[in-house]
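Presented below is the structure to which this report refers.
The values are calculated or read from the model by the stated rules, or taken from the named source; none is laboratory data. Predicted model, so just to flag it, every value in this text is computed and none were measured. Cβ coordinates were reconstructed from backbone atoms using ideal geometry, including for glycine residues, and neighbour counts include every protein chain displayed.
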């Protein structure tokens, strides 16, 4: 009897061979998919940042325009107050003929009492949340940061100047009351009005009253200068927004 021919088994390394080509193909497919997903996510995130940037810049521009207008109104108010105080000081330090009492009564109100309130909501949101980083224009971002610092410094100075407003006004009013000679009431256009008559001659002899008005004029001149500096800074940032082409 013939012995059946025995077919040798294939080598072990051939029996367990890994289909590397298929594995590599699958790996490349997976990596490509991940990269595409990351790129899509980055693109979407970038579009979101651009949308947020434009929203911030629109809002910042609106805030700056309101701040500019408030500052212009504050400057006009200070101009009026400074003019009244200048006229009052000239009268109190004069030696010639006394002016009409109605004129003096119009000069008596001194400080405008204008307390500037800048619009800061958008600026604070940018700075406190770190969203200032989404402003892609480097020079514009630097200009916004500089404006924020200037605004803080100006507000601190305005607060310092205004702190003594109430005490100065109270002291000046107390001195004025010592020169009242008559107070009467009348109706003007169906509105009650108190008419106070002053002794102009005694007022003109009051050195402390003149000094009080002179100091108030200096304070309001400083306040006006701060308003003008901040107004110019707001206008400069508005111009920067336009020139940078960041606001569309």
I'd like to check something: does region 21-37 contain any residue that is part of a helix (DSSP H, G or I), at pLDDT below 90 and surrounded by 12 or more Cβ atoms within 10 Å (Cβ to Cβ)? no
Quick one: is residue 232 out of contact with any strand residue (DSSP E or B) (no Cβ under 9 Å at 6 or more places or on another chain) and modelled with pLDDT under 90? no
Quick test of your reading of the structure: residue 92 fulfils all but one of (1) under 30 Å from residue 198 (Cβ atoms); (2) loosely packed, with under 13 Cβ neighbours inside 10 Å; (3) in contact (Cβ under 8 Å) with a residue 40 or more places away in the chain. Name the failing condition by number. (2)
Scan region 114-165 for residues that are closer than 27 Å to residue 75 by Cβ, more than 16 Å from the chain's Cα centre (by Cα) and without any contact (Cβ under 8 Å) to a residue 40 or more places away in the chain and jot them down. 160, 163
Filter the helices (runs of 4 or more DSSP H) completely within region 128-244 down to those with at least 3 residues that are surrounded by fewer than 16 Cβ atoms within 10 Å (Cβ to Cβ). 138-163, 165-177, 207-243
Positions within region 60-102 being part of a helix (DSSP H, G or I), in contact with a helix residue (DSSP H, G or I) (Cβ under 8 Å, 6 or more places away or on another chain) and farther than 30 Å from residue 143 by Cα, in sequence order: 81, 82, 84, 85, 86, 87, 88, 89, 91, 92, 101
So residue 170 clears everything in (1) out of contact with any strand residue (DSSP E or B) (no Cβ under 6 Å at 6 or more places or on another chain); (2) at pLDDT 85 or above except one condition, right? Which one? (2)
